[in-house]
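Worksheet: one structure, shown below.
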Amino acid sequence: MRLDKFICKSTELTRNEAKKLLKTGLVLVNGEAVKNGATQVHENNTISVEGEVLTARTSRYIMMNKPLDTICSNVDEVYPSLLHFLNIDKAWDLHIAGRLDADTTGLVLITDDGRWSHNIISPKKQCFKTYKVALRDSLRSTTQEDFKNGVQLQGEKSLTLPAKLEQIDDKEVLLSISEGKYHQVKRMFAAVGNKVVGLHREQIGEIILDQSLDFGQWRYLTEEEIASIAVTN
């Protein structure tokens, strides 16, 4: 974790206030003054300010059913950030582990644990994300094999990683992918001559969207759900 973020997680200071504190030279890491907020610190480090040892608050892990016309960002843009739905302290210190487009709904995971979210985002970790996809045209018989072998997306040098496709009916499928290229699901179907008209994420790794959550609602993850990301990836 970055040192400035650690300070925020162990005090009531904002990121800017933490940076100002660092400039004073009062922050010690293992007894040595450190002024660079980007310095990486770990659990076995002792971080103190004027003799007081800092202890970071427990990380938070949240699932939300993302509604339409919201964005997975910490900053409002054309559409509002979905973090507005979190009525908790320091919600803006959290980040989304695997973003969805404004016109996509469904499961998002929100945390302040960067290492945990890396296990979700990194293609090397093979954490599959499953989407229910509504299509404009009937599914071609060759699409499942095409996606398994990888397809060429416009503007990309390499094929997509192997994906899993399960047909629900002629124009609705479940697609599981382990990477997160820009507009990837839409571009994959465009590459085989089809068009996505509806997109809803149902699962990330072993974590399945809680069906009791309406759009915009959220809950904390269970210990089992949190551990499933670290254990399987």
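Among the residues making up the stretch 95-120, a single one is in a helix (DSSP H, G or I), touching a Leu at 6+ places or on another chain (Cβ under 8 Å) and not hydrophobic (A, V, I, L, M, F, W, C): Ser117. Do we have any residue at all in the stretch 37-45 that's surrounded by 10 or more Cβ atoms within 10 Å (Cβ to Cβ), in contact with a helix residue (DSSP H, G or I) (Cβ under 9 Å, 6 or more places away or on another chain) and touching a residue at least 40 places away in the same chain (Cβ under 8 Å)? Yes, the conditions are met somewhere in the stretch 37-45. Among the conditions (1) at pLDDT 90 or above; (2) among the aromatic types (Phe, Trp, Tyr); (3) closer than 27 Å to Ser228 by Cβ; (4) surrounded by fewer than 19 Cβ atoms within 10 Å (Cβ to Cβ), Trp92 misses just one, which is (1).
Matching residues to (1) among the β-branched types (Val, Ile, Thr); (2) within 12 Å of Ile177 (Cβ to Cβ); (3) not assigned by TED's automatic domain parsing to the domain that holds Ile204:
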{"position": "Ile110", "(1), (2), (3)": "yes, no, no"}
{"position": "Asp113", "(1), (2), (3)": "no, no, no"}
{"position": "Ile120", "(1), (2), (3)": "yes, no, no"}
{"position": "Cys127", "(1), (2), (3)": "no, yes, no"}
{"position": "Ser141", "(1), (2), (3)": "no, no, no"}
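Consider the stretch 184-200 and keep the residues that are in contact (Cβ under 8 Å) with a residue 60 or more places away in the chain and in contact with a helix residue (DSSP H, G or I) (Cβ under 9 Å, 6 or more places away or on another chain). The one that is nearest to Asp214 (Cα to Cα) is Leu199.
Entry remark, the stretch 152-176: residues being of a type in the set (A, V, I, L, M, F, W, C), out of contact with any strand residue (DSSP E or B) (no Cβ under 6 Å at 6 or more places or on another chain) and part of a strand (DSSP E or B) number 1 in total. Can you pull out every residue in the stretch 165-194 that is among the aliphatic types (A, V, I, L, M) and within 21 Å of Ala97 (Cα to Cα)? Selection gives Leu174, Leu175, Ile177, Val185.
As for the stretch 129-151, it holds at least one residue that is assigned to a helix (DSSP H, G or I), among the hydroxyl-bearing types (Ser, Thr, Tyr) and touching a residue at least 24 places away in the same chain (Cβ under 8 Å).
Residues considered: Ser176, Ser212. Of these, the only one that is surrounded by fewer than 16 Cβ atoms within 10 Å (Cβ to Cβ), out of contact with any helix residue (DSSP H, G or I) (no Cβ under 7 Å at 6 or more places or on another chain), among the polar types (S, T, N, Q) and at pLDDT 95 or above is Ser212. Only one entry of Lys9, Lys66 meets the criterion of being touching a residue at least 60 places away in the same chain (Cβ under 8 Å), of a type in the set (Lys, Arg) and in contact with a helix residue (DSSP H, G or I) (Cβ under 6 Å, 6 or more places away or on another chain), and that entry is Lys66.
The values are calculated or read from the model by the stated rules, or taken from the named source; none is laboratory data. Since the model is a prediction, treat every value here as computed from it, not as a measurement. In this analysis, Cβ positions are derived from the backbone assuming ideal geometry, glycine residues included, and neighbour counts consider all displayed protein chains.
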